[in-house]
Amino acid sequence: MTAPKTLYDKIWDAHVVDQADDGTCLLYIDRHLVHEVTSPQAFEGLRMANRKVRAPEKTIAVPDHNVPTTLGRENPDQMPEESRIQVAALDKNAKDFGIHYYPVTDVRQGIVHIVGPEQGWTLPGMTVVCGDSHTATHGAFGSLAHGIGTSEVEHVLATQTLIQKKSKNMKVEITGKLKPGVTAKDITLAVIGATGTAGGTGYVIEYCGEAIRDLSMEGRMTVCNMAIEGGARAGLIAPDEKTFEYVKGRPHAPKGAAFEAALSYWKTLFTDEGAHFDKVVTLKGEEIEPVVTWGTSPEDVLPISALVPAASDFTGGKVGAAQRSLDYMGLTPGMKLTDVKIDAVFIGSCTNGRIEDLRAAAAVLKGRKIADGVRCMVVPGSGLVRAQAEEEGLAQIFTDAGAEWRMAGCSMCLAMNPDQLAEEERCASTSNRNFEGRQGYKGRTHLMSPAMAAAAAVTGHLTDVRELTTETV
Amino acid sequence: MDKFTTLTGIAAPMPLVNIDTDMIIPKQFLKTIQRSGLGKNLFDEMRYDRKGNEIPDFVLNQPAYRDAEIIVAGDNFGCGSSREHAPWALKDFGIKCVISTSFADIFFNNCFKNGILPVVLPAEAVNYLMDDAAKGANARLTVNLEEQTVTASDGQSFPFEVDAFKKHCLMNGLDDIGLSLEKVSAIDTYEERAKTQFPWL
């Protein structure tokens, strides 16, 4: 009998092309997602070495980081020169190397980590890579998915493999049920708050437990998306009926007999009883509160009911970092988080730019107005999410409330395009990073769920969404 | 890729924890389609004010550290985005080695692809080297990859671990893609097998 394996062990073993004596492996890559920012140097490298893309049929490109999210953006004049050059380079590279491509004019264009699952490119048991750290998102399907640098993008383009050493196994279990008003975003932030941003370094995380099983596929994507913020190489969730149901019928998912064959394999993708984990973290689902971040690291997480901490509440190197964060964020220790006034709200990103996220935000905004002096930007994760939100009447709710309803892209999550915070502007954001300058020079970011961001938009300050009544939309 | 064997150089102390890749190279500089030229924008928002003037307090603006080739940093250096622009910017500035207690995974890998050695040492050793680096340009550290040691200006030496394959590639300046393409028959064999095993892919 073979030793019990984790889900990660199984996917890893199925993809080893070659293993050296020291454990260094050549790992096969099933899907390679590409965007405009981290790929131009890789394609240029191929050209200089006179190499081609080994498996163009497994390579999918979409521009997302730089593209404007305003109407009429297909007009190149709307883009700053450097952005236009970068997007044009992707247009050309996709054409020259014959890879799948969703240009900015295609309704299927969107954030690469939303487009992949939506189009059925992401399937259980696969290896998925992209020159973007939030590739971890695809782990929600029980696929081994992680970000890579541009040199590795070039390596995958040329060889369809990566040189890798296996990570250790970490289990993050969320037991029990979530309380009403608590979401996948609260889970993933609470985990990072508990483990720290380096807590997962050297590991691949498998998320499990009743609260994870209870999540929709979209919620699971939100959880896995931020595995990287906990330092992990990847986050995984074992596929189940919800996964198979989600995948079935998508444009690039297998059909008919091929689907049945795939399904019987996918059903073997779980961690065996007794398999070894090198690290285990357990949180009780019912103890997780709606959370927000107060500082400039995603580990700076507190329940919305808490007070802003003081630097002296921390130890070691974190004392200096906390003081720097408080100064940067313009916060006074001891003040209530719910007293923190905001100037802007960003709803979107690969973390929270899917239809369920927009429904959650719309449920709070329905029949309400954005607070005076607050600007609220809603950016769907893809053109198809945008179309669906319009069909469901969500877009109308956003615009009636006074929010801006935008085109799909990464937008103010990393502010490479014109969607940026002004200096010292404070934002309630559904994105994934609150680093200094992330959403704009000297901009101040508080991370939270879409419902919490919508609640802040209505009141003008950080707010416990459970204090506002909501109706299903 | 440039080889890395030994390096004796000025080390800049950056005791801050969680120095992320957005700090190392902010997003506005990711619009380039080149690998070179990012050194002037390394740590841009910490290094310059809004008008582009140098912030004198920032370590790499201080006369003693302008020619630093090593950074001694707080925990979890390079966390966040996968942007290889971070090691490109470090390299372009002249940084060839970063010493910390821990590095984020993707950044760590990206360094090796660019001839930069990330050295992981225990907290006591990092603190010792941080204090040494704080003495300024007269205190030079020596990093010896062959022997896997970092030596402080007073001769105190600290051994470090490094993956044997990564060390081999760095010491010889080897191109990963070339090495992997030598195994193309193994890739062909894998693809043939996968066609039967996973026909839906």
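None of the figures in this text is laboratory data; all of them are computed from the coordinates on show. These numbers were taken from a predicted model, which means no experiment stands behind them. So basically every Cβ, Gly included, is an ideal-geometry build from the backbone, and we count neighbours across all protein chains shown.
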(Q) Please report the spacing between the Cα centers of segment A:99-138 and segment A:242-300 in Å, no decimals. (A) 17
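Among A:T315, A:T135, A:T38, what is the fewest-to-most ranking by other Cβ atoms within 10 Å? Each step should come with its number before you reach the end.
Working: A:T315 8, A:T135 29, A:T38 25.
With the sparsest Cβ surroundings first, the list reads A:T315, A:T38, A:T135.
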Q: Take the Cα coordinates of chain B, assign each an equal point scatterer, and use the Debye formula without solvent to give log10 I(q)/I(0) at q = 0.11, 0.12, 0.17 Å⁻¹.
A: -0.54, -0.63, -1.12
Q: Name the shape class, rounded, prolate or oblate, that the alpha-carbon gyration tensor gives for the protein assembly as shown, where a ≥ b ≥ c are the square roots of its eigenvalues, rounded holds for a/c under 1.5, and otherwise prolate holds if a/b is larger than b/c and oblate otherwise.
A: rounded
Q) Helix-derived [θ] at 222 nm for chain A: sum -39500 (n - 2.57) over DSSP H runs of at least 4, divide by residue count, nearest 500? A) -9000 deg cm²/dmol
Q | Farthest toward positive dipole pole in the protein assembly as shown [+1 Lys/Arg, -1 Asp/Glu at C-beta], among A:T332, A:I347, B:F198 | A | B:F198
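With a cut-off of 8 Å between alpha carbons and a minimum separation of six or more residues, what is the relative contact order of segment B:6-174 in percent? Show your work: numbers first, answer last.
Values: 330 pairs, mean separation 44.9, N = 169.
With pairs under 8 Å counted, the relative contact order is 27 percent.
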Q) Which ordering of A:D106, A:D13, A:D21 is given by a fewest-first count of other beta-carbon atoms within 10 Å? A) A:D21, A:D13, A:D106
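For segment A:199-261, state which trypsin sites (Lys or Arg not before Pro) are in a DSSP loop and have at most 15 other beta carbons lying within 10 Å of their beta carbon.
Here the sparse-neighbourhood loop sites are A:K248, A:K255.
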Q: Treating each Cα of segment B:96-201 as an identical point scatterer and ignoring solvent, apply the Debye formula and state log10 I(q)/I(0) at q = 0.22, 0.25 Å⁻¹.
A: -1.17, -1.32
Q | Listed residues B:V162, B:T6, B:F112: farthest to the positive end of the dipole of segment B:6-174 (Cβ charges) | A | B:F112
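Based on alpha-carbon positions alone, could you give the equivalent ellipsoid semi-axes of segment B:1-78 from the gyration tensor, as √(5λ), descending, whole Å?
Numbers: eigenvalues 79, 63, 39 Å².
Output for segment B:1-78: semi-axes of 20, 18, 14 Å.
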Q: Please list the equivalent ellipsoid semi-axes of segment A:334-473, computed as the square roots of five times the alpha-carbon gyration tensor eigenvalues, in descending order and whole angstrom.
A: 21, 18, 12
Q | Over segment A:180-327 - Rg/Rh using Cα atoms and the Kirkwood inverse-distance radius | A | 1.06
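Roughly how big is segment A:73-167's charge dipole about its Cα centre, with Cβ charges of +1 (Lys, Arg) and -1 (Asp, Glu), in debye to the nearest 20?
Details: 7 positive and 11 negative charges, 80 e Å.
With Lys and Arg at +1 and Asp and Glu at -1, about 380 debye.
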Q: Compute the separation of the alpha-carbon centres of segment A:1-25 and segment A:348-378 and state it in Å as a whole number.
A: 43
Q) How about segment B:60-144: which trypsin sites (Lys or Arg not before Pro) there are in a DSSP loop, with at most 16 other Cβ atoms within 10 Å of their Cβ? A) B:R66, B:K135
Q.
Just want the ordering: A:M412, A:M126, A:M335, A:M170, from fewest to most Cβ atoms lying within 10 Å of their own Cβ.
A. A:M335, A:M126, A:M170, A:M412
Q: Quick one: dipole size for segment B:55-167, taken about the Cα centre, charges +1 on Lys/Arg Cβ and -1 on Asp/Glu Cβ, in debye to the nearest 20.
A: 340
**Q.** Selected from A:H461, A:Y207, A:L414, residue furthest toward positive end of dipole (the protein assembly as shown; charges at beta carbon)
**A.** A:L414
Q. GNM on chain B, C-alpha springs below 10 Å: top fluctuator among B:T101, B:T142, B:T32?
A. B:T32
Q: Mind grabbing the base-10 log of I(q)/I(0) for segment A:398-473 at q = 0.21 Å⁻¹? Debye formula, identical points on the C-alpha positions, no solvent, two decimal places.
A: -1.01
Q | Dipole magnitude (debye, nearest 20) for the protein assembly as shown, charges at Cβ of Lys, Arg, Asp, Glu | A | 740
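Relative contact order for segment A:379-473: what is it in percent, counting Cα pairs under 8 Å that are at least 6 residues apart? Intermediate values should be presented prior to the final figure.
Details: 126 pairs, mean separation 18.0, N = 95.
Value for segment A:379-473: 19 percent.
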Q) By its C-alpha gyration tensor, with a ≥ b ≥ c as the square roots of the eigenvalues, how is segment B:73-139 shaped: rounded for a/c under 1.5, else prolate for a/b larger than b/c, else oblate? A) oblate
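Over chain A, what is the relative contact order in whole percent, taking alpha-carbon pairs under 8 Å and six or more residues apart? Don't jump to the answer; show the numbers that get you there.
Values: 1145 pairs, mean separation 80.8, N = 473.
This gives 17 percent for chain A.
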